[in-house]
Amino acid sequence: MGGINMKILVSSVGKQSTDSVDPRFGRGDYFQIFDTEARAYKAIENVGKSSDHGAGIGASQQVIDENVDVVITGHLGPNAYNLLSESNIETYSCNEGSVEQAINLYIENKLEKINKAGSPHRA
């Protein structure tokens, strides 16, 4: 990753980089965006989480609007996976640990790439 400026988004249960990764994407509470150039975090509330249906679509559009390069989360349903893939956003799986730990695992190339959609969640 040396010298490449990126925005890495992690689904999170809270607003701090020490908060846990939220394995839910569309219904997760927050997204934390790490800017590799500024070495800074920005937390935003996931607008998709309160949708009656289509949470993954709303969350994906929000992520696309933030111009992120990478998404780290536990699970992507079909709509979210397709939208992010079509937008050339790389997606990686991480179900535990803090946001900081997830980003470090990504930088160390230790996360598994999400190559297909999971089943839609209705939780």
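What follows draws every value from the coordinates through simple rules; no lab data is involved. On a predicted model such as this, the values are computed, not experimentally measured, just so you know.
Numerical summary
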item: Integer Hz, Karplus 6.51/-1.76/1.60 couplings in order for region 40-53, x for Gly and Pro; result: 9, 9, 9, 9, 10, 6, 6, 6, x, 4, 9, 5, 5, 8
item: Qualifying lysines (Cα of each under 27 Å from Cα of LYS116; at least 8 residues distant if same chain); result: LYS7, LYS49
item: Shape call, region 7-91: gyration tensor on alpha carbons, a/c limit 1.5; result: oblate
item: Euclidean distance between Cα centres, region 1-51 to region 80-111, Å; result: 10 Å
item: Full-extension gain in nm, ASN104 to VAL47, via 0.36 nm per residue minus C-alpha separation; result: 17.9 nm
